[in-house]
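Take a look at the structure set out below.
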Amino acid sequence: MPDRRSFLKTSVLGAAAAPILLDGCSPDGDTDSSSQSSTSPVAEVRPVALSTWDHGLAANDAAWPILTGGGSALDAVEAGVRIPEADPSVTSVGYGGRPDRFGVVTLDACIMDERGRCGSVAFLQHIMHPISVARQVMEKTPHVMIVGQGALDFALANGFEREELLHPDAAAAWERWKEENGEVQPQIDVHNHDTIGMLAVDQAGNLSGACTTSGAAFKYHGRVGDSPIIGAGLYVDNEVGGATATGWGEAVIRAVGCFLVVELMRQGHTPQEACELAVERVIEKNPDWRTIQVGFLALGKNGEHGSFCIAPGFNYAICTPEEGNQLIDSGSRI
Ligand code: SD4
C-alpha cells in the first residue's frame, strides 16, 4: 500500500489528469456505457466517497452506483451510512449499537447537503435508520434538530417502523459491563468507537455528508455526543469542502471540530493540514487527550482528502474511479 502522503498526491494528480467518471468502484473502472448516454454531456467532476472505519468500505460500495450513475451526493451518503446502521456486527451504529448504562439503545445522526441544508436527530430510540429521519427533519420541517420522544414521534408519523434495536450481543455486552464496571464512567478509548461519518462529492461537483452513531457505549441516559451536532461531528460547505469526526464526542464538541476543519480549508490549508491542525486544537482543549481518541476526515471541493487522529488505529475507506475502494490507515499524533 502506498504511504498516505504519496497516495494523496497520486489521488489528487489523478483528479486533475482524469476528470472522468467510471462506473463501478474498481481500479480498472468497468465503465457501464448504459449510464453515459451519447446525448448527455460528459461530466467534468470525478466522484469520491470517503467514510470512517472499515465499515466505510461497505458504505462506499452502496454509495458508488449512485455517484457514478449521476445521482446526488446527498442520496449517496444517506444510502451509504444506512448499511452499517442495519448491520448488527457494527457495535457503535444503529442496530447492534451498544446501549446506554440503562440498557437502552439511543441513536444520534445528522446530514448536510450542498445547499447548506441540514437535519439532525439525537437521543432517538427504536428507529433503525436515524440518518433517514434526520434527512426528513431537513426536508420536511423548518427545524434542524429534533430529539428524544419528539424525534421518535416524528419518525413514526413519517412512516418509520418502531423496532427493538438491542441486539442479543449488545445485551450480553451490557450485562458484562454491569458486572465488571457498572460504576465506571463511560469512555471512548482507542478500542471503542466506530461511528460512521461519510462525505461524498458527486459528478455535478456537489458535496454532502452524513454521520450516524449509537454514541459512547454505556453512556449516561440522555447523553448526546458530537455526531448529530452540525459543526461538531459533521460540516459541509459546498464552496470549500466537508469534514466528519469520530471518537470521544465531548472532546470534538469542545473544539467544534468539523466546522474548524472546513474553516481551515477555507483559509487555504489542504484537507490533510486542516485535520492535523484540528487535532492540535482538540489536544489544546482537552487535557485528558492522551486517554481518548478523536479522528477527523476531510474532503475538499476538488476531491482531495485528508485525515488525522490522536492515537493510532483510526482508518477510513476511500473510493475513487482511479483507485477503487480501499482502506487507508490514518496518520496519528501519538
Ligand atoms: C460520540 N463521536 O457519540 C461519537 C462516538 C464515535 O466512533 O465516534 N464513535 O461521541
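Each reported figure results from applying straightforward, stated rules to the coordinates on display, with no laboratory input. Bear in mind the structure is a predicted one, so any value in this text is a computation, not a measurement. Reconstructed Cβ throughout: ideal geometry from the backbone, glycine too, with neighbour counts over all protein chains shown.
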Discussion item. One residue is enough: does the stretch 58-79 have a residue meeting the conditions under 27 Å from C309 (Cα atoms), surrounded by fewer than 24 Cβ atoms within 10 Å (Cβ to Cβ) and aromatic (F, W, Y)?
Written reply: no
Worksheet item: Here is a list of conditions, (1) more than 16 Å from the chain's Cα centre (by Cα); (2) away from the ligand (no atom under 16 Å from the Cβ); (3) buried (at least 19 other Cβ atoms within 10 Å of the Cβ); (4) of a type outside the set (A, V, I, L, M, F, W, C), and E273 meets all of them except one; can you say which number that is?
Response: (3)
Worksheet item: Which ones in the stretch 147-180 are of a type in the set (A, V, I, L, M), under 23 Å from R98 (Cβ atoms) and surrounded by 13 or more Cβ atoms within 10 Å (Cβ to Cβ)?
Response: V147, A151, L152, A155, L165, L166, A170, A171, A173
Discussion item. Which count do you get for residues in the stretch 253-270 that are within 14 Å of the ligand (Cβ to nearest atom), over 14 Å from the mean Cα position of the chain (by Cα), among the hydrophobic types (A, V, I, L, M, F, W, C) and in a helix (DSSP H, G or I)?
Written reply: 2
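Evaluate the stretch 67-83: report whether one residue or more is touching a residue at least 60 places away in the same chain (Cβ under 8 Å) and part of a strand (DSSP E or B).
No; the residues of the stretch 67-83 include none that is touching a residue at least 60 places away in the same chain (Cβ under 8 Å) and part of a strand (DSSP E or B).
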Worksheet item: Just wondering, is there one or more residues in the stretch 198-205 that are surrounded by fewer than 24 Cβ atoms within 10 Å (Cβ to Cβ) and of a type in the set (S, T, N, Q)?
Response: yes
Fill in: In the stretch 191-216, the residues that are more than 9 Å from the ligand (Cβ to nearest atom) and either aliphatic (A, V, I, L, M) or not in a strand (DSSP E or B) (or both)
H191, M198, L199, A200, V201, D202, Q203, A204, G205, N206, L207, A210
Worksheet item: Of all residues in the stretch 217-231, which are more than 10 Å from the ligand (Cβ to nearest atom) and more than 17 Å from the chain's Cα centre (by Cα)?
Response: F218, Y220, H221, G222
Practice prompt. For the stretch 232-252, enumerate the residues that are crowded, with 20+ Cβ neighbours inside 10 Å and more than 7 Å from the ligand (Cβ to nearest atom).
Written response: A232, L234, Y235, V236, V240, G241, G242, A243, T244, A251
